[in-house]
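Take a look at the structure set out below.
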Amino acid sequence: MEGFCEQVVKVKMGAKQIIFTVILVLAFLIPVVFLMMLYYASTALTPGGDYFYSLFALVLAMLGAFVIWVVAPRINKVEYDYSVYGSDFIVAKVTAKSTRKRKVKFEIKHVEKLAKISEDDYPDGKYVKKYNFAGGAPVDQIYFAEFRLPQRGLCLMLFAPNEKILSGMRPYLNREISLKLFSKKK
């Protein structure tokens, strides 16, 4: 292997994740409040009261806190790891800094088009698979790559690489792509 470089891009929390977290909290908060109200209503009506509702509400609250403690961070802490390893480009999704899943791997020589996204050069075509690994980066930092996977066909990838990743890809890119991409930067 000739070289290795990598970049980690944090995914910004979007509306979808915020709504899911709020729903998750409310899904456990509403039953606990309801059971507490039921407990107070039953103790007011009967002398001595019924501790079943109170115990059940406590267990439900503890279970809800545990689920929120474990599940919500895994949803909201997502990163993409771009790696150039020799002539291979690898993107992995890292969830909560513990789970790593490879999303795509291809040889850089299979890239047919690589450029910054702009209105005049926006990728349009029929792709077998579209990958969005930009992670909520600003539009002026997003690149697109069209590449062919031997087992799938033409694919599109949106990503936000830094200079190190681009320079790691440069030796393996097609000459026209390399000239077009790197001559604009100067």
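The values are calculated or read from the model by the stated rules, or taken from the named source; none is laboratory data. Keep in mind it's a predicted model, so treat the numbers as computed, not measured. We place every Cβ from the backbone using ideal geometry, glycine too, and count neighbours over all the protein chains shown. What goes into the accessible areas is simple: the full protein's heavy atoms, side chains included, and nothing from ligands, DNA or RNA. Shrake-Rupley method; radii C 1.70, N 1.55, O 1.52, S 1.80 Å.
Using the Karplus curve 6.51 cos²θ - 1.76 cosθ + 1.60 with θ = phi - 60°, what ³J(HN,Hα) values do you get for each residue of the stretch 22-38, in whole Hz, with x for Gly and Pro?
Karplus values, whole Hz, x for Gly and Pro: 5, 5, 4, 5, 5, 4, 9, 6, 4, x, 5, 5, 4, 5, 5, 5, 4.
Could you report the accessible area of Ser118 in Å², rounded to 10, computed with a 1.4 Å probe on the protein chains as they sit in the structure?
40 Å²
What FRET efficiency comes out for Val70 versus Arg102 if R0 is 25 angstrom and r is the Cβ-Cβ distance? Round to the nearest 0.05.
The value I calculate is 0.60.
Mind scanning Lys16/Lys129; Lys12/Lys164; Lys16/Lys180; Lys12/Lys180; Lys129/Lys180 and naming the pairs with a C-alpha gap bigger than 27 Å?
Checking Cα-Cα distances, Lys16/Lys180; Lys12/Lys180 exceed 27 Å.
Please give the FRET efficiency for Asp124 paired with Arg170, using the beta carbon to beta carbon distance and R0 = 25 Å, rounded to the nearest 0.05.
0.45
Label-point separation (nm) for Leu179 and Glu112, each offset 7 Å from Cα along Cα-to-Cβ?
Going by the 7 Å Cα→Cβ label model, 2.1 nm.
Can you give me the accessible area per residue for the stretch 77-186, using a 1.4 Å probe, in Å²?
Value returned for the stretch 77-186: 58 Å² of accessible area per residue.
Evaluate the Debye formula for the stretch 122-186 with equal point scatterers sitting on the alpha carbons, no solvent, and hand back log10 of I(q)/I(0) at q = 0.22 Å⁻¹, in q order, two decimals.
-1.11
May I ask you to rank Ile30, Ile165, Ile117 by accessible area, largest first, using a 1.4 Å probe over the protein chains only? Provide the component values of the computation, followed by the final result.
Working: Ile30 110, Ile165 0, Ile117 35 Å².
Descending order: Ile30, Ile117, Ile165.
Among the chymotrypsin sites (Phe, Trp or Tyr not before Pro) in the stretch 85-153, which ones are in a DSSP loop with at most 16 other Cβ atoms within 10 Å of the Cβ? Mind listing them?
Taking the stretch 85-153 and a limit of 16 other Cβ atoms within 10 Å, the loop chymotrypsin sites (Phe, Trp or Tyr not before Pro) found are Tyr127.
Please give the contour-minus-distance gain from Met36 to Leu58: 0.36 nm per residue of separation, less the Cα-Cα distance, rounded to one decimal in nm.
Computed gain between Met36 and Leu58 is 7.0 nm.
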